[in-house]
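Shown next, in structure tokens, is the structure this report addresses.
The values are calculated or read from the model by the stated rules, or taken from the named source; none is laboratory data. Note that the coordinates shown come from a computational prediction; the quantities given were computed from them, not determined experimentally. Here Cβ is always computed from backbone atoms with ideal geometry, including for glycine, and neighbour counts include all displayed protein chains.
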Amino acid sequence: MPLESPNCKPLVLGIETSCDEAAASVYDGISHKIHSHIVASQIDVHRMYGGVVPEIASREHLKTLPLVIDKALKQASICISQIGAVAVTNRPGLIGSLLIGLSYAKGLAYQLDIPFVGVDHIEAHSMAAHLEHHINYPYIALVVSGGHTQLYYVESLGEFQLMGKTLDDAAGEAFDKVAKFLKLGFPGGPIIDQLSREGNRQAINFPKSFINEDHFQFSFSGLKTAVTRYVQCHGESNLADVVASFQEAIVDVLLAKTVRLSLQKKCPRVVLGGGVACNSRLREKMTQECTKKDIQLFIPSPLLCSDNAAMIAYTGWQYLKRGKSDSFDLNAVPVLAPDSYL
């Protein structure tokens, strides 16, 4: 069914289950309005393990996803029959979690006889800022989260050229692992962000891998090891200084690579996405540097940085209104090819 036919309603239900959050959102493509935004976090379930346990995550989705979708519909004050299309994350992510959301989306689309489309989770993060800002193409997109640290040159919808990525740990993963080593709690990013405000960011000269290299690859494993060895040698008496210096090293590398790519491509627009884009120091320094370099910077509000279904619904709408939808044999793809383009 063509999405823009008179009988098709322009409300898109977005479903996101790529990791440990189950999220649903209703987005109106005509009014460009988010009618609902529901996220069920599993942080309390996984906290005792210091990280996400894939099998537990998928089992939790089985229990919570129907409830989350029901809440999204109620918050939007609509019934399920008013949905005109379904957009769902089908790549990349935890395979069990992806399959829960994808199977549910297929069932709804089949039952309601409406189109559905699979959405790339990373692309959706880079599109989240479009929900709050008018952004012209092309632009540089930095997607940085617990599972991803990637730089893209975005020429248009679906035309993402991968310019650089982490060779080991993602930035958010490094935050979580250092926080776990220091017994600060889970998730580590927000805890370190808060504690860093009490510390001296210049106290310890932690390594900033590849910061002066011409390429756009990242590496945070060595930084994580450096923090571990420093604490083993010096103890935790200056813990705030340790985490502040650690955070500064990550932020400086992310900042340097992103701005350098913007200048190299002569593309004065930068978009941030992903959970680590909530980090207050990253937002502060990126804003300062982009202002100096006359680069437009677009950062979503924190609710749209972390995993959510509004960005899935919006991205799905962009494809659906161009006539793209998927068949019921669409599969979940847990890992993208090493040097893939979206």
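Restricted to helices (runs of 4 or more DSSP H) entirely inside segment 195-312, those with at least 3 residues that are more than 24 Å from the chain's Cα centre (by Cα) are 221-234, 239-264. Cβ separations smaller than 7 Å between residues 6+ apart or across chains give the following pairs from segment 94-123 residues that are outside the structural domain of residue 145 (by TED's automatic domain parsing) and of a type in the set (S, T, N, Q) to residues that are outside any loop (DSSP other than H, G, I, E, B) and surrounded by 18 or more Cβ atoms within 10 Å (Cβ to Cβ): 97/57; 97/58; 97/61. Residue 319 meets each of the listed conditions (1) more than 30 Å from residue 184 (Cβ to Cβ); (2) free of Cβ contacts under 8 Å to residues at least 24 places away in the same chain; (3) hydroxyl-bearing (Ser, Thr, Tyr) apart from (2). Residues of segment 148-162 that are surrounded by fewer than 21 Cβ atoms within 10 Å (Cβ to Cβ) and touching a His at 6+ places or on another chain (Cβ under 9 Å): none at all. Please specify each residue of segment 176-232 satisfying the condition of being of a type in the set (Gly, Ala, Ser), within 14 Å of residue 281 (Cβ to Cβ) and touching a Gly at 6+ places or on another chain (Cβ under 7 Å). Scanning segment 176-232 gives a single hit, 189. Scanning segment 68-88 for residues that are within 23 Å of the chain's Cα centre (by Cα) and either of a type outside the set (Gly, Ala, Ser) or farther than 18 Å from residue 307 by Cα (or both) yields a total of 6. Residue pairs whose Cβ atoms lie under 7 Å apart, separated by 6 or more positions or on different chains, with the first residue in segment 238-267 and farther than 21 Å from residue 154 by Cα and surrounded by 21 or more Cβ atoms within 10 Å (Cβ to Cβ) and the second at pLDDT 95 or above and of a type in the set (Phe, Trp, Tyr), are 242/230; 245/206; 246/206; 249/206; 250/220.
Answer yes or no: is there a residue in segment 208-222 that is in contact (Cβ under 8 Å) with a residue 12 or more places away in the chain, on the phi > 0 side of the Ramachandran plot, not assigned by TED's automatic domain parsing to the domain that holds residue 43 and not hydrophobic (A, V, I, L, M, F, W, C). No, segment 208-222 has no match at all.
Quickly run through segment 161-196 and pick out the residues that are charged (D, E, K, R) and without any contact (Cβ under 8 Å) to a residue 40 or more places away in the chain. Working first, answer last.
At the first step, the residues of segment 161-196 found to be charged (D, E, K, R) are 165, 168-169, 173, 176-177, 180, 183, 193.
Within segment 161-196, just 183 meets the criteria.
Out of 174, 179, 141, report the one residue that is over 12 Å from the mean Cα position of the chain (by Cα) and buried (at least 24 other Cβ atoms within 10 Å of the Cβ).
Values: 179 fails: buried (at least 24 other Cβ atoms within 10 Å of the Cβ); 141 fails: over 12 Å from the mean Cα position of the chain (by Cα).
Just a single option satisfies the conditions, and that option is 174.
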